[in-house]
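Chemist: Sharing a structure, written as structure tokens. Questions coming.
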Amino acid sequence: MSAAALLKKLPAAFNADAASGTECTINFNCSTPMNITIKGGKCSVADGAASTADLTVTMEDDDLVALMKGELNGMTAFMTGKLQLEGDLMLAQRMGGFFDASKLG
């Protein structure tokens, strides 16, 4: 599965309760740059990078897919250079809990 295909599934896997009170934009720099916006208890996905983002995640497609499916530990990916983050690092730590990985298969 490509990173773009996985990112397009995020709204269906979104857990509004886990993201309660969170409003943010996250850019994903992968082979097909995309961004997600979490606002008002909803998650939306758009092509390209948002002009302003709270967090930018840069990863290879395979690594991003593995991370979002829970097959790759975020801290391990960060420490080994597979994951680069720019912006709100606390948001990065919480982001995984916003989505049900079992719905991303």
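Chemist: First select every other residue whose beta carbon is under 10 angstrom from the beta carbon of Leu83; then total the charges, Lys and Arg +1, Asp and Glu -1. Provide the component values of the computation, followed by the final result.
Modeler: Working: positive: Lys82; negative: Glu60, Asp63.
Net charge around Leu83: -1.
Chemist: So, one more: Compute the length gained on full extension between Asp88 and Ala18: take 0.36 nm times their separation in residues and subtract their Cα-Cα distance, giving the result in nm to one decimal.
Modeler: Values: separation 70, 0.36 × 70 = 25.20 nm, distance 1.75 nm.
Length gained, Asp88 through Ala18: 23.4 nm.
Chemist: Follow-up question, since we're still on this one. Output the relative contact order of the chain, whole-number percent, from Cα pairs under 8 angstrom with separation of 6+ residues. Mind showing how you got there, number by number?
Modeler: On the way: 181 pairs, mean separation 32.3, N = 105.
This gives 31 percent for the chain.
Chemist: Restricting to lysine pairs 8 or more places apart or on different chains, what number in the chain have Cα atoms under 15 Å apart? Before the final figure, lay out the partial values.
Modeler: Values: Lys8/Lys42; Lys8/Lys69; Lys8/Lys103; Lys9/Lys42; Lys9/Lys69; Lys9/Lys103; Lys69/Lys103.
Taking the Cα cut-off of 15 Å, the pair count is 7.
Chemist: Further question on the same structure: In nm, what is the difference between 0.36 nm times the number of residues separating Ala49 and Ser102 and their Cα-Cα distance? Intermediate results must be reported in sequence, preceding the final value.
Modeler: Numbers: separation 53, 0.36 × 53 = 19.08 nm, distance 2.62 nm.
Result for the pair: 16.5 nm of gain on full extension.
Chemist: Given the -39500 (n - 2.57) contribution per DSSP H run of 4+ residues, what per-residue ellipticity at 222 nm results for the chain, rounded to the nearest 500 deg cm²/dmol? Spell out each step's value before the answer.
Modeler: Details: 5 runs with 31 residues, N = 105.
Calculated at 222 nm, the ellipticity per residue is -7000 deg cm²/dmol.
Chemist: Taking K and R as +1 and D and E as -1, what net charge do the other residues with C-beta under 15 Å from the C-beta of Val45 add up to? Before the final figure, lay out the partial values.
Modeler: Numbers: positive: Lys8, Lys9, Lys39, Lys42, Lys103; negative: Asp47.
Its environment carries a net charge of +4.
FYI, it's all coordinate maths here, none of it is from the lab. What you are looking at is a predicted structure, and each value in this text was computed from that prediction instead of being measured. No Cβ is skipped: glycine too gets one built from the backbone with ideal geometry, and neighbour counts run over all protein chains shown.
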